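*Asks:* Got a structure for you, questions after.
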Amino acid sequence: MAESGFAAALAEDLDPADVRIVVAIFRRDTVRRLAELQQAAARGDAPACQRSSHALAGAAAAVGATALERACRRM
């Protein structure tokens, strides 16, 4: 499903307040995971980079952010 298609389906299934909650959780998780990824990369910690990028890919998939998911999975 395309990113916009998934977002539209999510919006249909949830009321606006719940969509805002999902987006806020995704944003907070993304910020945290990106910080973890940057720190792991700075340390040269490949396993930690892999864990962070995998978690970020899963979060992106859950909200339909397919471009971000693909980028994380390539990492």
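*Asks:* Find the residue count for the range 50-69, including only residues that are closer than 23 Å to E12 by Cα and either open to solvent by 10 Å² or more (accessible area, probe 1.4 Å) or β-branched (V, I, T) (or both). Break it down into steps so the answer makes sense when it comes.
*Replies:* Just the residues of the range 50-69 that are closer than 23 Å to E12 by Cα, to begin with: 58-69.
With the extra rule that they be either open to solvent by 10 Å² or more (accessible area, probe 1.4 Å) or β-branched (V, I, T) (or both), the set shrinks to 58-59, 61-63, 65-69.
Total meeting the criteria: 10.
*Asks:* Which condition number in (1) at pLDDT 95 or above; (2) open to solvent by 90 Å² or more (accessible area, probe 1.4 Å) is the one that P47 fails?
*Replies:* (2)
*Asks:* If I filter the range 29-40 for residues that are surrounded by 14 or more Cβ atoms within 10 Å (Cβ to Cβ), β-branched (V, I, T), under 17 Å from the mean Cα position of the chain (by Cα) and not in a loop (DSSP other than H, G, I, E, B), do I get at least one hit?
*Replies:* Checked the range 29-40: at least one residue is surrounded by 14 or more Cβ atoms within 10 Å (Cβ to Cβ), β-branched (V, I, T), under 17 Å from the mean Cα position of the chain (by Cα) and not in a loop (DSSP other than H, G, I, E, B).
The values are calculated or read from the model by the stated rules, or taken from the named source; none is laboratory data. Everything numeric in this text was worked out from a predicted model, so none of it was measured. FYI the Cβ positions are ideal-geometry reconstructions off the backbone, even for glycines, and counts take in every protein chain you see. What goes into the accessible areas is simple: the full protein's heavy atoms, side chains included, and nothing from ligands, DNA or RNA. Shrake-Rupley method; radii C 1.70, N 1.55, O 1.52, S 1.80 Å.
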